[in-house]
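Student: Have a look at this one.
The values are calculated or read from the model by the stated rules, or taken from the named source; none is laboratory data. Here the structure is a predicted model, which is why all the values come from computation and not from measurement. Don't worry about glycine lacking a Cβ; one is built from the backbone with ideal geometry, like all the others, and counts go over all protein chains shown. Ligands, DNA and RNA are excluded from the accessible area calculation, which covers all protein heavy atoms including side chains. Shrake-Rupley method; radii C 1.70, N 1.55, O 1.52, S 1.80 Å.
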Amino acid sequence: MARTAYVTDLKSLQGECSANYLRLVRLVGDMEAGQRRDIALRGDKQHFGDLHLYIHEQAPYTTMVDVFQSGPLDTVMESPRMRVHLYHDVRMAEVTDFQRERHFNGRYRYPNARMHQPDEKLQLNRFLGEWLAHGLAHGHSVDVPEIP
């Protein structure tokens, strides 16, 4: 039986990127290039690690944010790390780098040499959305405010 080719769902991808933009803007606030925000991820009585947001680069219409996590499994495996490009004019945020791999296509033939899923780009942006939503819902700032 022949497989039908995956067709990119632009509406879902754009919706995810728009929602991620709003989540990231809430988390980074008025941070500027070179600044970092650390958010402790906690459950009821357990610490799951920290979510880190670093403003890598900033321009009038775009911002690049590094999003990564550190935690108890760092000695066993590499923690998730991605670079997200925020486009302020269209209010969208897109994953442009994941685990040091860049430039994701809208769809891939499967199987492929890098073992990407046919909808790899959509899955990465959904993962970012779940990650940020968890940080907003269960995260606690570990930044210590300066007292004037």
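Student: Any residue in region 104-115 that is modelled with pLDDT under 90, crowded, with 19+ Cβ neighbours inside 10 Å and not small (Gly, Ala, Ser)?
Tutor: First, pick out the residues of region 104-115 that are modelled with pLDDT under 90: 104-115.
Filter once more, keeping what is crowded, with 19+ Cβ neighbours inside 10 Å: 104.
Still in the running and not small (Gly, Ala, Ser): 104.
Yes, region 104-115 contains a residue that is modelled with pLDDT under 90, crowded, with 19+ Cβ neighbours inside 10 Å and not small (Gly, Ala, Ser).
Student: Looking only at region 32-42, how many residues end up being open to solvent by 30 Å² or more (accessible area, probe 1.4 Å) and either in contact with a Gly (Cβ under 6 Å, 6 or more places away or on another chain) or of a type outside the set (Asp, Glu) (or both)?
Tutor: Residues in region 32-42 being open to solvent by 30 Å² or more (accessible area, probe 1.4 Å) and either in contact with a Gly (Cβ under 6 Å, 6 or more places away or on another chain) or of a type outside the set (Asp, Glu) (or both): 6 in total.
Student: Among the residues of region 62-83, write down those that are loosely packed, with under 15 Cβ neighbours inside 10 Å and at pLDDT 95 or above.
Tutor: Thr62 - this is the single residue of region 62-83 that is loosely packed, with under 15 Cβ neighbours inside 10 Å and at pLDDT 95 or above.
Student: Output the number of the condition that Phe48 fails; it satisfies all remaining conditions of (1) out of contact with any helix residue (DSSP H, G or I) (no Cβ under 9 Å at 6 or more places or on another chain); (2) open to solvent by 80 Å² or more (accessible area, probe 1.4 Å); (3) closer than 22 Å to His138 by Cα.
Tutor: (1)
Student: Also, quick follow-up: Please return the ranges of strands (runs of 3 or more DSSP E) entirely within region 22-83 where 2 or more residues are in contact with a Pro (Cβ under 9 Å, 6 or more places away or on another chain).
Tutor: On the way: elements: 36-42, 47-58, 62-70.
Once the strands (runs of 3 or more DSSP E) in region 22-83 are filtered for at least 2 residues that are in contact with a Pro (Cβ under 9 Å, 6 or more places away or on another chain), what remains is 47-58, 62-70.
Student: Of the residues in region 62-91, how many are out of contact with any Phe, Trp or Tyr (no Cβ under 7 Å at 6 or more places or on another chain), free of Cβ contacts under 8 Å to residues at least 40 places away in the same chain and not basic (Lys, Arg)?
Tutor: 13
Student: Count, please, the residues in region 84-99 that happen to be surrounded by fewer than 16 Cβ atoms within 10 Å (Cβ to Cβ) and modelled with pLDDT under 90.
Tutor: Final tally of qualifying residues: 1.
Student: Within region 64-101, count every residue that is of a type in the set (Ser, Thr, Tyr) and either farther than 20 Å from Gly129 by Cα or in contact with a His (Cβ under 7 Å, 6 or more places away or on another chain) (or both). Can you show your working first?
Tutor: First pass over region 64-101, keeping only residues of a type in the set (Ser, Thr, Tyr): 70, 75, 79, 87, 96.
Right, trim to either farther than 20 Å from Gly129 by Cα or in contact with a His (Cβ under 7 Å, 6 or more places away or on another chain) (or both) and you get 70, 75, 96.
Qualifying residue count for the region: 3.
Student: Let me ask something additional. Evaluate the following for Gly29: is it open to solvent by less than 80 Å² (accessible area, probe 1.4 Å), modelled with pLDDT of 95 or more and over 15 Å from the mean Cα position of the chain (by Cα)?
Tutor: no
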